[in-house]
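Throughout, read-outs are computed from the coordinates displayed, never taken from laboratory work. Quick caveat: nothing in here was measured; it's all calculated off a predicted structure. With ideal geometry, Cβ positions are generated from the backbone for all residues, glycine too; neighbour counts draw on all protein chains shown.
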Ligand code: FDA
């Protein structure tokens, strides 16, 4: 067998990164083929925390409502409980992901979207359906064997796993979205920075009705530490509330553990803590913990996205989120280059923008695991103890007297450190890009007024994500984010911005590049009824923002300029690398 199939973009992998690329490339009218060596999307739950930026990406794709139907909503995600077991003693509790009183307003103000809990078994089929509705060519059971490239093209050798037939695919560009064991990265010699196999963990997918233990304290994560076991920590995630769970086990010193069915069943039984509760183990998966990021995200015509580019533990839940956001950054750039609207240098901005995000995510995840240590010490249940020692520590924690009082204070002191894992809004939303696809306006980024990891600081500075504000349109409400995206550039101006709107119309006509113009202001087309946009926008009524298809600000002008069309034309050419 043989033959060569031609396409513009080859996407290797159909996990969160690959499916997102497939869907957006199809949406933008790019010819692409997406491969996955497996016969289906994820067969185990894996990543689940879906943050606001990711839901915004899926809103752009038009599937936010669908996601809401299948995912566990934010209001049920908030309570984090540390306990000896589900049926056992609750040791500590904190509110996460903006569900606590102190953070709720921050999360609500930052986005039109709420977070949700959507395991990959639920999330991937939703993105796959969106890709298929756009007629994306997605080939299951098709494995990349090897990839090479020259100046003109990428050539991939692939094998159909059902019948063993091999053929070649030639593409102008390729995306390696093939996960932590990336064949693309290996074939093309991408090098990784960091450390491999710094520890080991395993996940267990469990069917067990635990409703009666959690209904009064609903949350996406229960941290279970049964006294007398070798479990360092085991966060259990609700897969189907509250009857299916995905438990991640980090053992003492992150060493590999006995994952025989019997040993795992014992840990699960201890974690539930009630011998009368029936459970079924649906899957056990062992994996290495890495702390790796690709040195370069681009090599010639090939890009890495998702776990192929960054590998880290699940603390902060950023794995699949970052993967989806990588592809959202890359897809519009490829579409513009392939359409001839942008120069190939636009594609360099993918590395320049996303590598710092990958680096931050990895470092944050590792630090977040370390930051659990003071809490673990204060709670006093530790691996290596006998059950008696563990229970003695629990008894002391809640007993009257100096020792208990000191430990209770230590618990309350240690919990805020976990905010950097569970309320880390700045890391979730606050990406600020510096690259050739952003034109600086000569002002510095505003100084952070609060901790930049914990708090999202909205700004319209070039490189930042467009801030969200609700606007009134007719009698409906739309987000500023809804005015942009859809693969198009958008100029947002104010009541005095007629000249910008005219310039946009002229540029779209001349260049064929899709640029929209929208006016936001008091009694304008998009009515800033509460004045919130005017307060946050950082430019005047006759100024404007140029927003990219991925909703990041490309450029801004505080006020009107002499020749808006010439200025805007120059800026767009610069962003697209096409002078
Ligand atoms: P992903 O790994 O999802 O997908 C890779 C794709 O590439 C698959 O479609 C595969 O078939 C395809 N592929 C690979 N090699 C190929 C080849 N040679 N040819 C063709 N196709 C190929 N994260 C988190 O935040 N919380 C969690 O609890 C967990 N739990 C977890 C458990 C386990 C067991 C794993 C392995 C991972 C996690 N993760 C996680 C990490 C999370 O799952 C991960 O960050 C995302 O799935 C990354 O998405 P990608 O799309 O990049 O790769």
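Can you confirm whether the stretch 291-307 contains a residue that is within 8 Å of the ligand (Cβ to nearest atom) and farther than 29 Å from residue 261 by Cβ? Explain how you work it out, then say what you get.
So the first thing to find is which residues in the stretch 291-307 are within 8 Å of the ligand (Cβ to nearest atom), and the list is 305-307.
After this cut, where a residue has to be farther than 29 Å from residue 261 by Cβ as well, the list is 305-306.
Checked against the condition, which is being within 8 Å of the ligand (Cβ to nearest atom) and farther than 29 Å from residue 261 by Cβ, the stretch 291-307 yields at least one hit.
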**OP:** Hand me the list of strands (runs of 3 or more DSSP E) wholly inside the stretch 422-522 holding 2 or more residues that are in contact with a helix residue (DSSP H, G or I) (Cβ under 6 Å, 6 or more places away or on another chain).
**Re:** 489-493, 515-521
Original post:
Would the stretch 327-339 turn up any residue that is surrounded by 24 or more Cβ atoms within 10 Å (Cβ to Cβ), in contact (Cβ under 8 Å) with a residue 40 or more places away in the chain and over 22 Å from residue 438 (Cβ atoms)?
Top reply: no
**OP:** Could you tell me which numbered condition residue 285 fails, if it satisfies all but one of (1) within 11 Å of the ligand (Cβ to nearest atom); (2) farther than 22 Å from residue 20 by Cα; (3) not in a strand (DSSP E or B)?
**Re:** (3)
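The rows are residues; the columns are (1) closer than 30 Å to residue 345 by Cα; (2) under 22 Å from the mean Cα position of the chain (by Cα).
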| site | (1), (2) |
| --- | --- |
| 179 | yes, yes |
| 219 | no, yes |
| 242 | no, no |
| 256 | no, no |
| 275 | no, no |
Original post:
Given (1) without any contact (Cβ under 8 Å) to a residue 24 or more places away in the chain; (2) surrounded by fewer than 17 Cβ atoms within 10 Å (Cβ to Cβ); (3) closer than 22 Å to residue 92 by Cβ, where does residue 258 come up short, assuming only one miss?
Top reply: (3)
Subject >> Residue that is farthest from the chain's Cα centre (by Cα) [pool: residues in the stretch 3-40 that are near the ligand (Cβ under 6 Å from one of its atoms) and assigned to a strand (DSSP E or B)] >> reply: 35
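Could you check the stretch 291-314 and list, in sequence order, the residues that are under 18 Å from residue 53 (Cβ atoms) and surrounded by 24 or more Cβ atoms within 10 Å (Cβ to Cβ)?
The initial filter retains those residues of the stretch 291-314 that are under 18 Å from residue 53 (Cβ atoms), namely 305-307, 309-310, 312, 314.
Correct list: 305, 306, 307, 309, 310, 312.
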Subject >> Qualifying positions in the stretch 130-152 - within 16 Å of the ligand (Cβ to nearest atom) and under 18 Å from residue 331 (Cβ atoms) >> reply: 130, 131, 132, 136, 137, 138
**OP:** Go through (1) within 10 Å of the ligand (Cβ to nearest atom); (2) within 30 Å of residue 235 (Cα to Cα) one by one and return the number of the condition residue 99 breaks.
**Re:** (1)
**OP:** Report, by residue number, each residue of the stretch 242-267 that is more than 16 Å from the ligand (Cβ to nearest atom) and closer than 23 Å to residue 76 by Cα.
**Re:** 242, 243
Original post:
What tally of residues in the stretch 41-57 results from selecting those that are within 17 Å of residue 14 (Cβ to Cβ), near the ligand (Cβ under 7 Å from one of its atoms) and touching a strand residue (DSSP E or B) at 6+ places or on another chain (Cβ under 9 Å)?
Top reply: 2
Subject >> Residues being part of a loop (DSSP other than H, G, I, E, B), within 26 Å of the chain's Cα centre (by Cα) and exposed (fewer than 15 other Cβ atoms within 10 Å of the Cβ) - total across the stretch 125-163 >> reply: 1
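Which of the following residues is surrounded by fewer than 23 Cβ atoms within 10 Å (Cβ to Cβ) and without any contact (Cβ under 8 Å) to a residue 24 or more places away in the chain: 565, 573?
573
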**OP:** Count, please, the residues in the stretch 358-381 that happen to be over 30 Å from residue 309 (Cβ atoms) and out of contact with any helix residue (DSSP H, G or I) (no Cβ under 7 Å at 6 or more places or on another chain).
**Re:** 2
